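**Q** Have a look at the structure that comes next, please.
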Amino acid sequence: MEKMVQVNHPTTQSPGREFTIPIAWESPEGQRGVFANHLVIQFDKHEFHLLFYELLPPLLMGDERDRTKVLESLTELKAKCVARIVVSRDRMPAFVKVLDEHVKRHTSEARS
């Protein structure tokens with residue numbers, strides 16, 4: 001994760017001067033996490049839209065015949081959108097790289 005951000009800002013005294021500014025990461029206290037087990041990605045010319053969904057299995061109770069009856073009556077399962085994130089096209093490769101590194105690290109640690 002980036003610890004500093006570089007900002008190009010044309011000033012009157014030095015056009016194109018680059019500033020390096022530290023990032024202070026903040027997470028609101030009490031912010032709840034949400035569970036997502038499905039992802040839909042849409043994109044256009046300028047940005048990616050990442051839609052995270054929670055899809056829960058149907059509640060099946062009773063004996064096998066009751067459960068089968070419920071399953072046969074289902075016409076669809078509802079997927080609830082729990083988060084929608086918009087990422088600029090320019091930032092997406094860096095996000096993918098960080099995610100890939102973490103998935104590889106998690107996978108190798110799980111094997112150990």
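**Q** Just to be sure I understand, how many residues within region 24-53 are charged (D, E, K, R) and either on the phi > 0 side of the Ramachandran plot or in contact with a Gly (Cβ under 6 Å, 6 or more places away or on another chain) (or both)?
**A** Looking only at region 24-53, we keep the residues that are charged (D, E, K, R), and these are 26, 29, 32, 44-45, 47.
Checking the rest, the ones that are also either on the phi > 0 side of the Ramachandran plot or in contact with a Gly (Cβ under 6 Å, 6 or more places away or on another chain) (or both) come to none.
Looking only at that region, the number is 0.
**Q** From the residues in region 55-71 that are assigned to a helix (DSSP H, G or I) and under 33 Å from the mean Cα position of the chain (by Cα), which one is farthest from Ile41 (Cα to Cα)?
**A** Here is the first cut: in region 55-71, the residues assigned to a helix (DSSP H, G or I) are 64-71.
Keeping just the survivors that are under 33 Å from the mean Cα position of the chain (by Cα) gives 70-71.
Values: Val70: 31, Leu71: 29 Å.
Top of the filtered list is Val70.
**Q** Here is a further query. Return the residues of region 18-60 that are without any contact (Cβ under 8 Å) to a residue 40 or more places away in the chain and touching a helix residue (DSSP H, G or I) at 6+ places or on another chain (Cβ under 7 Å); say none if nothing qualifies.
**A** At the first step, the residues of region 18-60 found to be without any contact (Cβ under 8 Å) to a residue 40 or more places away in the chain are 18-33, 37, 39-42, 44, 49-60.
Answer for region 18-60, where residues must be without any contact (Cβ under 8 Å) to a residue 40 or more places away in the chain and touching a helix residue (DSSP H, G or I) at 6+ places or on another chain (Cβ under 7 Å): Pro58, Leu60.
**Q** Taking region 1-37 as the region of interest, how many residues are at pLDDT 80 or above, closer than 30 Å to Leu55 by Cβ and either surrounded by 10 or more Cβ atoms within 10 Å (Cβ to Cβ) or of a type outside the set (D, E, K, R) (or both)? Steps first, please.
**A** Kept after step one, since they are at pLDDT 80 or above, are these residues of region 1-37: 20-37.
Restricting the remaining residues to those that are closer than 30 Å to Leu55 by Cβ gives 27-37.
Pick out the ones that are also either surrounded by 10 or more Cβ atoms within 10 Å (Cβ to Cβ) or of a type outside the set (D, E, K, R) (or both) and you get 27-28, 30-31, 33-37.
So the answer is 9.
**Q** Restricting the search to region 72-112, which residues are more than 18 Å from Val40 (Cβ to Cβ) and within 16 Å of the chain's Cα centre (by Cα)? Lay out the reasoning, then the answer.
**A** In the first step, residues of region 72-112 are kept if they are more than 18 Å from Val40 (Cβ to Cβ); the result is 72-75, 88, 90-91, 93-94, 97-98, 100-112.
Answer for region 72-112, where residues must be more than 18 Å from Val40 (Cβ to Cβ) and within 16 Å of the chain's Cα centre (by Cα): Ser88, Arg91, Pro93, Ala94, Lys97, Val98, Asp100, Glu101, His102, Val103.
**Q** Could you grab me the full set of residues in region 81-112 that are farther than 22 Å from Tyr53 by Cα, small (Gly, Ala, Ser) and loosely packed, with under 11 Cβ neighbours inside 10 Å?
**A** Scanning region 81-112 gives Ser108, Ala110, Ser112.
**Q** On the given criteria, is Val98 assigned to a helix (DSSP H, G or I) and touching a residue at least 12 places away in the same chain (Cβ under 8 Å)?
**A** Values: assigned to a helix (DSSP H, G or I): yes; touching a residue at least 12 places away in the same chain (Cβ under 8 Å): yes.
Yes, satisfied.
The values are calculated or read from the model by the stated rules, or taken from the named source; none is laboratory data. This is a predicted model, so every value here is computed, not measured. Positions of Cβ are generated from backbone atoms using ideal geometry, with glycine treated the same way; all protein chains shown enter the neighbour counts.
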